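For reference, the structure discussed in these notes is given below.
FYI, it's all coordinate maths here, none of it is from the lab. This structure is a prediction, so every number in the text was calculated from the model and none was measured. Cβ coordinates were reconstructed from backbone atoms using ideal geometry, including for glycine residues, and neighbour counts include every protein chain displayed.
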Amino acid sequence: MSNSNHFLVRRVHSLLGLIPIGIFLLFHLTLNIIATTNPARYAAVIKTMRDTPGIFIVELIVIFLPILFHAIYGLIVVYGSGVNTLRYKYYRNWFYVLQRLTGLLTLIFIAYHVFALRFSGLSPVDTVQSLVAFVKTPFGLIFYVVGVLSAIFHFANGLWAFFITWGITIGPRSQKIATYFCSAVFIVLAVVGMTSLAHLVA
């Protein structure tokens, strides 16, 4: 791949990580809160989405294909990247490694989560009950805690990289501000995600 094509693909990869995948993550976390506080409303939202004409085509174009592209190129980046945390022990080098590790964990988590909740063939109510039953098992709880936190970290740290990739944060000061902002995003979303899980296992 030429340098110009590589540059373009990396920008598309970065953009898809924010839009629409990042927006979908925020929507999903909001939906999870609804599921824990009002299961009937959650079931109604899911039913409405499933019954919408052409919803699968919309999901395919807006969600599944962007995730697939982001995941495939992400795997290529992981395969071709080197790890230098032992040589350069800066926190950003560790974040570099964590970004790739959480990318792999998020991919596994999303694959299971989508299959179990979207293509299980269960009704919306049974889907919620199945999720609750799984999360209440020790393995299920660990799986979801790791999966949710990995997805949130991958998004928040990817947002920091997005700012650099698209020339929004150029100098050290703007990058430092972006670090604080993205850290706050991670903390807020992590609290939302863990609160949802806590309600499920309560």
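Details
- Per principal axis, descending, Cα span of the chain in whole Å: 49, 36, 28
- For the chain, calculated [θ]222 nm from helices alone, where every DSSP H run of n ≥ 4 adds -39500 (n - 2.57): -27500 deg cm²/dmol
- Working from label points 7 Å from Cα in the Cα-to-Cβ sense, the residue 97 to residue 7 distance is 3.1 nm.
- Under-5 Å amide H pairs with residue 169, H placed in peptide plane, nonlocal only: 164
- GNM top mover of 186, 115, 153 - the chain, alpha-carbon springs below 10 Å: 115
- Net charge over other residues, Cβ less than 14 angstrom from the Cβ of residue 158 (K, R count +1; D, E count -1): +4
- Rounded to 10°, Cα long-axis angle of helix 138-165 versus longest principal axis of the chain: 40
- Rounded to 10°, Cα long-axis angle of helix 124-135 versus longest principal axis of the chain: 60
- Fewest-first ordering of 174, 14 by other beta carbons within 10 Å of each residue's beta carbon gives 174, 14.
- Largest GNM mean-square fluctuation among 40, 190, 71, using the chain with Cα springs under 10 Å: 40.
- Highest-MSF residue in the chain out of 23, 55, 152 [GNM, Cα springs under 10 Å]: 55
- Modelled label positions at residue 72 and residue 191, each set 7 Å beyond Cα in the direction of Cβ, lie 4.0 nm from each other.
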